[in-house]
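Participant: The structure that follows is given in the form of structure tokens.
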Amino acid sequence: MKKLILFCFLLFLSYFSCQKLITYKEFVLAKTPYTGNELRIDGYYYRYYECSKGSNCIDVRCFYRNGILLDMGGAALSLKETDEYIRSRFIEGSTHPNYEYSKWGLFIVDGQIIKFEQYYATDDITKWTYIREGKILNDTTFHITVSYRSNGSERRDIDEFYHFRQFSPKPDSTNNFIK
């Protein structure tokens with residue numbers, strides 16, 4: 001029994017000591033209030049992507065006037081399911097995304113260019129942010145064409161169209177990761 005307790009204690013100790021070794025690199029984009037009208041922010045932006053067995057799933061992001069981005073992920077198959085997912089998990093639910101660093105990011109709009117930056121969940125000890133960049137087509141659609149790490153590595157072309165959906169109330173943008 002003593003060996004089991006000692007093993008559990010050592011396992012517990014090693015887990016928490018490793019957590020301190022993880023380094024989160026700083027955001028490259030500055031937190032900048034969004035005062036423009038290039039994008040609507042009274043709802044969320046979504047994109048379709050191919051998920052399991054050839055189905056099209058929906059990925060969702062909210063943009064806020066304070067320059068913060070909330071990536072709500074998702075795998076819903078319809079916008080109605082997406083609305084319910086947002087309501088149940090992020091508004092009414094007990095699981096607030098404060099516990100998930102990869103859900104939060106920053107965005108800037110410069111003319112017709114949009115950039116957003118966030119951490120992506122990885123097993124790396126050093127957590128780099130990724131930046132996605134593209135062109136705003138109108139106030140309800142933008143096209144992301146490139147993704148790269150904030151250190152300039154892993155640059156790749158992508159082809160993601162995001163569309164606006166009016167939604168109220170939006171989840172709160174308060175979090176423990178971006179002040």
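The values are calculated or read from the model by the stated rules, or taken from the named source; none is laboratory data. What you see is a predicted model, and the numbers here were worked out from it, not measured in a lab. Cβ placement follows ideal geometry from the backbone for every residue including glycine, while neighbour counts extend to all protein chains displayed.
Participant: From the list 29, 70, 79, 39, which residue is at pLDDT 90 or above and touching a helix residue (DSSP H, G or I) at 6+ places or on another chain (Cβ under 8 Å)?
Facilitator: Of 29, 70, 79, 39, the one residue that is at pLDDT 90 or above and touching a helix residue (DSSP H, G or I) at 6+ places or on another chain (Cβ under 8 Å) is 70.
Participant: Quick check on my filter: what residues within region 120-178 are free of Cβ contacts under 8 Å to residues at least 40 places away in the same chain, more than 15 Å from residue 102 (Cα to Cα) and not in a strand (DSSP E or B)?
Facilitator: Across region 120-178, the qualifying residues are 152, 153, 154, 155, 172.
Participant: Test of understanding: among 141, 126, which residue is surrounded by fewer than 18 Cβ atoms within 10 Å (Cβ to Cβ), among the β-branched types (Val, Ile, Thr) and modelled with pLDDT of 80 or more?
Facilitator: Result of the check over 141, 126: 141.
Participant: Moving to a separate point now. When the residues of region 66-86 are narrowed to those that are within 16 Å of the chain's Cα centre (by Cα) and not in a strand (DSSP E or B), which ends up surrounded by the most Cβ atoms within 10 Å (Cβ to Cβ)?
Facilitator: 86
Participant: How many residues does region 41-88 hold that are acidic (Asp, Glu) and in contact with a Pro (Cβ under 8 Å, 6 or more places away or on another chain)?
Facilitator: Number of matching residues: 0.
Participant: Going through region 161-179 one residue at a time, which ones are surrounded by 11 or more Cβ atoms within 10 Å (Cβ to Cβ), within 20 Å of residue 34 (Cβ to Cβ) and not hydroxyl-bearing (Ser, Thr, Tyr)?
Facilitator: Hits for region 161-179 are 163, 164, 165, 167, 170, 171, 172, 175, 177, 178.
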